[in-house]
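The values are calculated or read from the model by the stated rules, or taken from the named source; none is laboratory data. Treat the numbers as computed from the prediction; the structure is a model and nothing was measured. For neighbour counting, all protein chains shown are included, and Cβ atoms are generated from backbone atoms with ideal geometry for every residue, glycine included.
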Amino acid sequence: MQLLTTLVMHPSVMCSTLTTHSIQIHNLTKTYPNGYKALNGVNLDIPMGMFGLLRPNGAGKSSLMRTIATLQEASEGTIQWGDINVLEEKVKVCQVLGYLP
């Protein structure tokens, strides 16, 4: 079964500069304490608008989305959204982004 995951911007930022920026992911890695590497050097540029992640179970979709939504830490790498460093400025991200698994 494929899962549809959605990121939702808060309406108050619809006119902000964030709506004109892509989410840029560079060398993102997530290794869980049991040693399982869910993300291995992911590089992705998510454009403004609708974007889908369709992969088999266990491919890392939920790990990626949870990391973008600041619900879990990345092991390494960067996520940049406009002028926000997603991994370092979690409060700013939470003010403008909602996550619906």
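Kindly indicate the residue of region 86-101 that is free of Cβ contacts under 8 Å to residues at least 40 places away in the same chain and β-branched (Val, Ile, Thr) and also surrounded by the most Cβ atoms within 10 Å (Cβ to Cβ) among those meeting that condition.
Val93
Suppose we keep only residues that are over 13 Å from the mean Cα position of the chain (by Cα), surrounded by 11 or more Cβ atoms within 10 Å (Cβ to Cβ) and at pLDDT 90 or above within region 47-81. Which one would you say is farthest from Thr31 (Cα to Cα)? It comes out as Ala59.
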